[in-house]
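Below you'll find the structure, written out as structure tokens, and then a few comments.
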Amino acid sequence: MSGSIFTSSIGKKMFMSISGCILVLFLTFHMCMNLALVFSDAAYNAICGFLGANWYAVAATAVLALVIVLHIALAIVLTLQNRKARGSIRYRANAHENGVEWSSKNMLVLGFVVLLGLIFHLVHFWYKMMFTELMGAHEVAIGAAMVAPTDGAAIVRYYFAQWPYLLLYLVWFAGIWFHLTHGVWSMMHSLGLNSKVWFKRMKCISTIVATIIIGGFALCAIVLFLQGNGILPNPLF
Amino acid sequence: MNLTLEIWRQPNAKAEGKFETYVVKDVSTESSFLEMLDILNNQLIHEGKEPVAFDHDCREGICGACSLRINGHAHGPESEVTTCQLHMRNFKDGDKIVIEPWRSRAFPVIKDLVVDRTAYETILQAGGFVSVNTGGVPDANAIPIAKDDAEESMDAAACIGCGACAATCKNGSAMLFVAARVSSLAKLPQGQVEGARRAKAMVAKMDELGFGNCTNTGACQAECPKGITINHIARLNREYLKAKFRS
Ligand code: HEM
Ligand code: FES
């Protein structure tokens, strides 16, 4: 009578929410790890060491890849179904509905901004750091120089010293920030973890979480840029 | 005041529709929006033209028969007001007003501004009720209910099933409607008995009828003439997921 949870609307939203939650937790971890680089290259490289060619790092990467694929696949399925449900004729007059966030109506577009940034990011960091190491190479070309793939700090510093990279990353961060300001409270709401009392708090928490995560990433990128151009000392302290 | 109206005209469900422009003169600011349409229809009948079909019944904001998307808002620009309770004092002389039917795949247009909202009835029949044995009516106060619960239940029960939520939602989702029905009964002991079955059956029916998936934009609650909030959607999600995991 009532169908499977995998095909039902609320069921799909549950998987959207859980996959989003895992991605948020991952971003939080990633941001903390980046902050280490602000304080010490050695500390950052030590963390990179843990996450290099180990079975657990590879397993975690595989899980993460699976979660991203699930999140994107569901996002596309949901959006296509929703467009169909809207019907073929658009309204002639449209007005802003009170209290509706811009991000909530543009999650797929924001998602694709996130995805584009992600591909770019994987190509020039993940590929050079983790993948190269997995393939057993001991050197990787960074600009004109050759660097060990285990020297993550050197690789990251090389790119963030250049303003076009900084700019691209900041745009990407902005996209993720918008995605998360809606995403974090929406993921709680989709799981039913919201109420009359918590509604406003949840939206506030959502903005705070998004700002802490993205703020951490942006801070790290900016500090690296300033250090790379001799404006801030390296090490900072 | 004088108004220019752009109204969707469509002779029947199969025919292609289009917008027609009409001018109505000397409308009193005291008249209601539907009375203004009555005046237009009178005018059209005198001119030997087909009057504009629109839904209405009680004209006092309780039955949910009236609809209309007016200048981009379900039930017009005023918040928490049905079209039948909307008055012309909310408009200015010389205004252009765009009047469209609800647009949603599950609400096909029957004629002009009238849409078929049977889908909402079908969802209700799937579980939006409490089963009782026939016999004497039980005393309303026989079962004690906490005031907060009773109030939250009544807030949800204010839903008149007009369809503004699904018509507004960019996803064509009926979640606010289903949430209002599930939530109002989930808050009462009489409704809790069949709670799990109700949540599963109503959601399954909603999905089957081609409504979209809620993405928590909150556009529905902004346009709902009865001020139903999406907090009830959180409760529906909770009720549904609980019911699914228990069975
Ligand atoms: C860093 C990566 C990402 C994170 C942390 C993230 C996080 C989230 C979270 C927490 C939600 C809320 C889930 C809910 O409403 O229940 C969400 C929703 C969504 N995400 Fe992502 N996401 C990411 C990447 C992407 C990508 C790459 C896409 C698509 C190309 C995407 C598309 C969407 C869409 C369309 C929704 C709304 C779905 C709905 O409400 O039904 N996301 N995301
Ligand atoms: S006609 Fe009954 S609610 Fe508007």
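Observations, loosely collected:
- Every residue from region A:113-143 that is aromatic (Phe, Trp, Tyr) and over 17 Å from A:CYS48 (Cβ atoms): A:PHE120
- Here region A:60-75 is the region considered, the condition is being open to solvent by 70 Å² or more (accessible area, probe 1.4 Å) and more than 14 Å from the chain's Cα centre (by Cα), and the residue that is farthest from ligand 2 (Cβ to nearest atom) is A:VAL63.
- Residues (within 10 Å of chain B (Cβ to nearest Cβ) and either over 12 Å from A:VAL77 (Cα atoms) or open to solvent by less than 10 Å² (accessible area, probe 1.4 Å) (or both)) located in region A:9-19: A:SER9, A:ILE10, A:GLY11, A:MET14, A:SER17
- Screening region A:82-100 for residues that are touching a helix residue (DSSP H, G or I) at 6+ places or on another chain (Cβ under 8 Å) and buried (at least 18 other Cβ atoms within 10 Å of the Cβ) and picking the one that is farthest from B:THR215 (Cα to Cα) gives A:GLU97.
- Taken as a whole, the structure places A:ASN82 among residues that are within 10 Å of ligand 1 (Cβ to nearest atom), over 23 Å from the mean Cα position of the chain (by Cα), within 14 Å of chain B (Cβ to nearest Cβ) and not hydrophobic (A, V, I, L, M, F, W, C).
Yes or no, residue by residue, for (1) at pLDDT below 95; (2) under 21 Å from B:ASP155 (Cα atoms):
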position: B:LEU44; (1), (2): no, no
position: B:LYS49; (1), (2): no, no
position: B:PHE54; (1), (2): no, no
position: B:CYS58; (1), (2): no, yes
position: B:SER67; (1), (2): no, yes
position: B:ILE97; (1), (2): no, no
position: B:GLY128; (1), (2): yes, yes
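- Yes/no for B:ILE233 being assigned to a loop (DSSP other than H, G, I, E, B) and crowded, with 24+ Cβ neighbours inside 10 Å: no
- Subset of region A:85-121 [more than 12 Å from ligand 1 (Cβ to nearest atom) and part of a helix (DSSP H, G or I)]: A:ALA85, A:ARG86, A:TRP102, A:PHE120
- Candidate set: region B:85-109, residues that are more than 14 Å from chain A (Cβ to nearest Cβ) and within 25 Å of B:PHE177 (Cα to Cα); chosen: the one least open to solvent (accessible area, probe 1.4 Å): B:LEU86
The values are calculated or read from the model by the stated rules, or taken from the named source; none is laboratory data. Remember, it's a predicted structure, so these values are computed and weren't measured experimentally. Positions of Cβ are generated from backbone atoms using ideal geometry, with glycine treated the same way; all protein chains shown enter the neighbour counts. Keep in mind that these areas ignore ligands, DNA and RNA; they rest on the heavy atoms of the full protein, side chains included. Shrake-Rupley method; radii C 1.70, N 1.55, O 1.52, S 1.80 Å.
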